[in-house]
Each structure stands twice: as C-alpha cells, then as structure tokens.
Amino acid sequence: FSQPTSDSAPFFSDDSEAEGTEELDGAPGQRPDDLSPSGVSRVRSVLTVSILCYINLLNYMDRFTVAGVLPDIERYFRIDDGKSGLLQTVFICSYMFLAPFFGYLGDRYNRKLIMSVGISFWSLVTLASSYTPKEYFWALLLTRGLVGVGEASYSTIAPTIIADLYVKEKRTQMLSIFYFAIPVGSGLGYIVGSKVDYAAKDWHWALRVTPGLGLIAVVLLLLVVQEPKRGAVEARPEHHLHQTSWVADVKALSKNRSFVLSTFGFTAVAFVTGSLALWAPAFLFRAAVFTGEKSPCVQEPCDTSDSLYFGIITCVTGVLGVASGVEASRRLRKRTPRADPLVCATGLLLSAPFLYLAIVFAQASTIATYVFIFLGETFLSMNWAIVADILLYVVVPTRRSTAEAFQIVLSHLLGDAGSPYLIGVVSDSLRKTDSYLWQFRSLQLSLLLCAFVAVGGGAFFLATALFIEGDRHRAENYAPSDDEPIAVPKSGRTARVPVSSVLI
C-alpha cells in the first residue's frame, strides 16, 4: 500500500499541505515546472491571494457598517457619544487581546483551518447582533466584542500566507492588493450600511449583509486555499530555521528596533483612522445641521447621505493612497534602502495639516471639508501595504505571525481601541449644553487631536529609517545560535531542548 498524500494538514500539526507535493510527478525532490518552492502552484497562489483579499474586504466592511448607521443606533438605544464610542472600542479590545493567541497558533499549526473556524464564528455572531432589542444595548456591545474573536484569527495569519507564497517586489505587489481591501472594505461598509438602512427603513438589516458573504468565504477557503511551506520561498524552509519558544520569539522581537518603531508609527495611523472611521460621518452630519443644510434627526431612519459620501471617499482615497505609496516606495528604493519608512513618514506628516483643515472648515464650507478629507485620507493610506512589508522583511519567517499579533495588540491598544471612546468622552466633557451648536462644536474640538497624533506617527517612522538596513540584514542572514531553544517533535509531543543537544 502506497502512503496517500493528504490534501490538508491536521489542525494540531505544523506540517504544511504542500509537504507531499515534491514527490508528485517525478522522483523525490523534483517539482513540476509551475510549482514554486512553497509547494503551491502559480495559479493556486493567485487564487489564494484573491480569496484572502475578498475575506479582508469583508472584514473591514463588517467593521465599519456600524459607523455607517451610527445616528440610527444612537437614537434607537438613546445613548450619548461616550457609549457610541464603546461600540468600536469593545470590538478592538477583544480583537487585539486575542491576536497573540492566534499568532502563536498561526506560527505552529494549520493556518487555513484556524482562519476557517474564526470566520465562521465571526459571521454567526455578526448575524446574532442584528437581533438586539433596544432595551439591551449591553448585548450589542457583547456581540461586537465577540466579532473581534473571529477577526483576530484572520488578520494575524493571512499576511504570513502571502509572505510564504512570494518574495521581494512580487510580495510587495501582492500585499498592496491585499491591503487595498482595507480602505475599499471600510468604504463599502459605510455605503452598504447607509443604502441598506435607507432601503429597508431599519438599520438592523445593514448588519445582515456580511454574514452570508462570510460563510461563502469559508467554503472558498477550505476548497481552494492551500497551506504553503513556511519560509521555503526564501530558500530557508522552516525545517532549517526551527521554531523557537514563544518567550524567545518575544525577546527577539523586542530587540528588533525597526519592528518596534514602525509598530508605534502604525499605532498613530490606527488612532487617526479609528477616530475618523467612527466619528467622521456623524461629525459631517452635525456640521450640516449646524449650518442649516440638513434638519436634525428626530425619527428613524436618519439622513445617512454623509456616510455614503464618506464611504465613497474612503474607497477612492484608499486605492490612490495604497497605490501611490507602493509606487513611491518602489521608485525611492533605487536611491536608498530606507525608502519604506521614509514614504510612511511623509504620508503621515502630509496628512496632518489636511485633516486639521478639514475639521476647521466644516462650519464654513462643506465642499472644502470634503476636499481636505480626500487629501488627508489619501496621504494617510500610503503606508498600509508598506508597514506590512517592513514587518515581513525584518522578522524571520517562523516569528511572523507572532510579530503580526503583537503589532495588532500594540497598535490597537494605543490606537483605535481607545481613540473612538476617547473622542466621544472628550466631546461629552466639552459640551456645555445639548444644543445643536455644542453637539457640533464639542465633537469638532475633540477630533482636532487626530492631526497632532499623525505628526507623532511620522516621527516614529523617521526613527525607523535609522535602523531599517541593519535589521533587514540580520533577518535575511539569521541563523539560530547553539543554545537557542527549539521545538522538537517527539512521539507526537513537543519538547524544548537546546540546538546543541540536537546536534549531538
């Protein structure tokens, strides 16, 4: 009896699905012409990236559907700005605290199955949240928190699969396509939320769109996506690199200055985008009420046209920003190896004045406000794909999921986990009366904080440029030390022993 080749790796195994492909169509060690060192064919690799992009788009579409119908939710549950901000904060908190757990699993077990379980859970919980009665706002908060569990299982792992399929500029191109889904999905969240709310005359239906699409994504993930070998495309397969202990991984990452500084820079991006994502449509609506262009919301459904316009702007600026950032980085790399952090710093420093002007001009000119938002978001979106690429080339393959997880934790903990709630609390504290003037003015003053945070983020990326060359060189030439503990399978279990003991 010949030993069958499994089409999928067991969940409690770090073996990739591509392990057995090298022995197909020829002698052992020979690969078909269209098979890359990752063990995944070119066509399957493209399909894998396409499906991951689709899921990432759904991820962000679901995340910002709530923001698209926020005025209706505030009126339905009769809540203030502080409690409204909690909707995003609760989601981000569960998302970031579970990211290290899924990062640990992603570095050691079958990534496809982990993502499939997480997306299924996220879809079902999102559907359940749409049936929350008006007396149980806490139930909506709970379900939004549980949605973060499913999304954490995906966001920490998906970029590492792309990293194991492609290298160098091809990897950057694929990551840029993957991260196009962030602004596009966010924009679609506003658009779909506002249009479904308007068509159904009920905001609950806006939350029932993504669950069905999520279950379709699970089917595609299970049937089409193939688990690649970790690090094989970089001529350093995981069997040669070895998997070190989680404590060793954390210590190594904490000493990686490019990783730490770029993570703090990305934290500033998360702070600004999290604040704008939840509050920009509501701010624009209050500005229109203050200037007399629109009437106040006295009954459901509220006017959600600002969510529609902001969603369109987010889609367009996201595509322009990501594309221009990748292209600027590609051209600048010919002149300096520090191109990536310099482009990220430039984008943040340029976005700050335009965001400031957008907030200040809201009471004077709606058109000017939208123009400045367009420019500010375009520059802000320049770094999405580049930050991901920085992480992947300054961190060795066996630590990438853990690095992704810790970047998610830190950037969200200090960024968009607290920024929507902080903006809401500051707005409530500044409001002297409940008039339409102070509803607008208090939120305007609190949003000005975003411009200053963007400047701080630019400074962190400038600091990253000082260390990027050395950290990249160390990652590309990494070799485990003799006394570095590794994980060695033994009778189905994991034992921690020094490399020197294995060599002996």
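The values are calculated or read from the model by the stated rules, or taken from the named source; none is laboratory data. As the structure is a computational prediction, the values presented were derived from the model and not from experiment. Here Cβ is always computed from backbone atoms with ideal geometry, including for glycine, and neighbour counts include all displayed protein chains. We work out accessible area using only protein heavy atoms, side chains counted, and drop any ligands, DNA or RNA first. Shrake-Rupley method; radii C 1.70, N 1.55, O 1.52, S 1.80 Å.
For segment 302-332, what are the residues that are in a helix (DSSP H, G or I) and among the β-branched types (Val, Ile, Thr)?
Filtering segment 302-332 down to residues in a helix (DSSP H, G or I) leaves 305-332.
Across segment 302-332, the qualifying residues are Ile312, Ile313, Thr314, Val316, Thr317, Val319, Val322, Val326.
Checking the structure you have, find out if any residue of segment 400-408 is in the same structural domain as Ala339 (by the TED database) and either within 30 Å of Leu284 (Cβ to Cβ) or surrounded by fewer than 21 Cβ atoms within 10 Å (Cβ to Cβ) (or both). Full working, then the answer.
We begin by selecting, within segment 400-408, every residue in the same structural domain as Ala339 (by the TED database); these are 400-408.
Restricting the remaining residues to those that are either within 30 Å of Leu284 (Cβ to Cβ) or surrounded by fewer than 21 Cβ atoms within 10 Å (Cβ to Cβ) (or both) gives 408.
Checking segment 400-408: at least one residue is in the same structural domain as Ala339 (by the TED database) and either within 30 Å of Leu284 (Cβ to Cβ) or surrounded by fewer than 21 Cβ atoms within 10 Å (Cβ to Cβ) (or both).
Out of all the residues in segment 116-137, which are of a type outside the set (Gly, Ala, Ser) and surrounded by fewer than 21 Cβ atoms within 10 Å (Cβ to Cβ)?
Let us first name the residues in segment 116-137 that are of a type outside the set (Gly, Ala, Ser), namely 117, 119, 121-122, 124-127, 131-137.
Val117, Phe121, Leu124, Val125, Leu127, Tyr131, Pro133, Lys134, Glu135, Tyr136, Phe137 - these are the residues of segment 116-137 that are of a type outside the set (Gly, Ala, Ser) and surrounded by fewer than 21 Cβ atoms within 10 Å (Cβ to Cβ).
Any chance segment 138-156 includes a residue that's farther than 17 Å from Ser94 by Cα and either buried (at least 24 other Cβ atoms within 10 Å of the Cβ) or of a type in the set (Gly, Ala, Ser) (or both)? Let's see the steps before the verdict.
Initial filter on segment 138-156 (farther than 17 Å from Ser94 by Cα): none.
Scanning segment 138-156 turns up no residue that is farther than 17 Å from Ser94 by Cα and either buried (at least 24 other Cβ atoms within 10 Å of the Cβ) or of a type in the set (Gly, Ala, Ser) (or both).
So for segment 85-93 (the condition being farther than 20 Å from His412 by Cα, touching a residue at least 60 places away in the same chain (Cβ under 8 Å) and of a type in the set (Val, Ile, Thr)), does at least one residue qualify? Step through it out loud before you land on a result.
We begin by selecting, within segment 85-93, every residue farther than 20 Å from His412 by Cα; these are none.
Within segment 85-93, not a single residue is farther than 20 Å from His412 by Cα, touching a residue at least 60 places away in the same chain (Cβ under 8 Å) and of a type in the set (Val, Ile, Thr).
What helices (runs of 4 or more DSSP H) completely inside segment 1-115 contain at least 3 residues that are at pLDDT 80 or above and open to solvent by 40 Å² or more (accessible area, probe 1.4 Å)? Give the derivation first.
Working: elements: 42-68, 70-77, 81-106.
Answer list for segment 1-115: 42-68, 81-106.
Assuming Ile408 fulfils every condition listed in (1) β-branched (Val, Ile, Thr); (2) modelled with pLDDT of 85 or more; (3) in contact with a Ser or Thr (Cβ under 7 Å, 6 or more places away or on another chain) apart from one, which condition is it?
Of everything listed in (1) β-branched (Val, Ile, Thr); (2) modelled with pLDDT of 85 or more; (3) in contact with a Ser or Thr (Cβ under 7 Å, 6 or more places away or on another chain), Ile408 misses just condition (2).
Answer with yes or no whether Val250 is open to solvent by 40 Å² or more (accessible area, probe 1.4 Å) and modelled with pLDDT of 90 or more.
Values: open to solvent by 40 Å² or more (accessible area, probe 1.4 Å): yes; modelled with pLDDT of 90 or more: no.
So Val250 does not fit the description; no.
Can you tell me which residue in segment 157-170 is most open to solvent (accessible area, probe 1.4 Å), limited to those that are part of a helix (DSSP H, G or I) and not acidic (Asp, Glu)? Write out each step before concluding.
Taking segment 157-170 and keeping what is part of a helix (DSSP H, G or I), we get 158-163, 168-170.
Add one more test, that the residue is not acidic (Asp, Glu), and what stays is 158-163, 168, 170.
Working: Ala158: 0, Pro159: 2, Thr160: 5, Ile161: 1, Ile162: 0, Ala163: 0, Lys168: 159, Lys170: 96 Å².
It comes out as Lys168.
Between a first residue in segment 150-168 that is in contact (Cβ under 8 Å) with a residue 12 or more places away in the chain and a second residue that is among the basic types (Lys, Arg) and part of a loop (DSSP other than H, G, I, E, B), which pairs have beta carbons less than 6 Å apart while being 6 or more apart in sequence or on different chains?
What qualifies is Asp164/Arg230.
Within segment 356-385, restricting attention to residues that are of a type in the set (Ser, Thr, Tyr) and either in contact with a His (Cβ under 8 Å, 6 or more places away or on another chain) or part of a helix (DSSP H, G or I) (or both), which residue is farthest from Tyr436 (Cα to Cα)?
Just the residues of segment 356-385 that are of a type in the set (Ser, Thr, Tyr), to begin with: 356, 365-366, 369-370, 378, 381.
Next cut, either in contact with a His (Cβ under 8 Å, 6 or more places away or on another chain) or part of a helix (DSSP H, G or I) (or both) only: 356, 366, 369-370, 378, 381.
On the way: Tyr356: 22, Thr366: 17, Thr369: 19, Tyr370: 21, Thr378: 30, Ser381: 32 Å.
That would be Ser381.
Please verify whether Thr366 is of a type in the set (Ser, Thr, Tyr), assigned by the TED database to the domain that holds Ile312 and surrounded by fewer than 24 Cβ atoms within 10 Å (Cβ to Cβ), treating the condition exactly as stated.
yes
Go through segment 255-281 and give me each residue that's within 17 Å of Ala465 (Cα to Cα) and either free of Cβ contacts under 8 Å to residues at least 40 places away in the same chain or not aliphatic (A, V, I, L, M) (or both).
Lys255, Asn256, Arg257, Ser258, Phe259, Val260, Ser262, Thr263, Phe264, Gly265, Phe266, Thr267
Being outside any helix (DSSP H, G or I) and modelled with pLDDT of 85 or more is the requirement here; does Pro353 meet it? Before you say what the answer is, go through the steps one by one.
Numbers: outside any helix (DSSP H, G or I): no; modelled with pLDDT of 85 or more: yes.
It is false that Pro353 is outside any helix (DSSP H, G or I) and modelled with pLDDT of 85 or more.
Given the criteria within 28 Å of Leu391 (Cα to Cα), part of a loop (DSSP other than H, G, I, E, B), without any contact (Cβ under 8 Å) to a residue 24 or more places away in the chain and assigned by the TED database to the domain that holds Phe440, does Arg335 qualify? Full working, then the answer.
On the way: within 28 Å of Leu391 (Cα to Cα): yes; part of a loop (DSSP other than H, G, I, E, B): yes; without any contact (Cβ under 8 Å) to a residue 24 or more places away in the chain: yes; assigned by the TED database to the domain that holds Phe440: yes.
For Arg335, the condition - within 28 Å of Leu391 (Cα to Cα), part of a loop (DSSP other than H, G, I, E, B), without any contact (Cβ under 8 Å) to a residue 24 or more places away in the chain and assigned by the TED database to the domain that holds Phe440 - is met.
Looking at segment 321-330 only, could you name the residues that are touching a residue at least 60 places away in the same chain (Cβ under 8 Å) and over 18 Å from the mean Cα position of the chain (by Cα)? Before you say what the answer is, go through the steps one by one.
The first filter runs over segment 321-330 and keeps only residues touching a residue at least 60 places away in the same chain (Cβ under 8 Å), leaving 321-323, 325-326, 329-330.
Answer for segment 321-330, where residues must be touching a residue at least 60 places away in the same chain (Cβ under 8 Å) and over 18 Å from the mean Cα position of the chain (by Cα): Ser329, Arg330.
Pick from segment 230-239 the residues that are open to solvent by 20 Å² or more (accessible area, probe 1.4 Å) and part of a loop (DSSP other than H, G, I, E, B): which of them is modelled with the highest pLDDT? Break it down into steps so the answer makes sense when it comes.
Within segment 230-239, the subset open to solvent by 20 Å² or more (accessible area, probe 1.4 Å) is 233-237, 239.
If we keep only those that are part of a loop (DSSP other than H, G, I, E, B) as well, we get 235-237.
Details: Ala235: 57, Arg236: 50, Pro237: 48.
Among residues in segment 230-239 that are open to solvent by 20 Å² or more (accessible area, probe 1.4 Å) and part of a loop (DSSP other than H, G, I, E, B), the one modelled with the highest pLDDT is Ala235.
Of all residues in segment 189-213, which are surrounded by fewer than 23 Cβ atoms within 10 Å (Cβ to Cβ), of a type outside the set (A, V, I, L, M) and closer than 15 Å to Ser129 by Cα?
Of everything in segment 189-213, those that are surrounded by fewer than 23 Cβ atoms within 10 Å (Cβ to Cβ), of a type outside the set (A, V, I, L, M) and closer than 15 Å to Ser129 by Cα turn out to be Asp202, His204, Trp205, Arg208, Pro211, Gly212.
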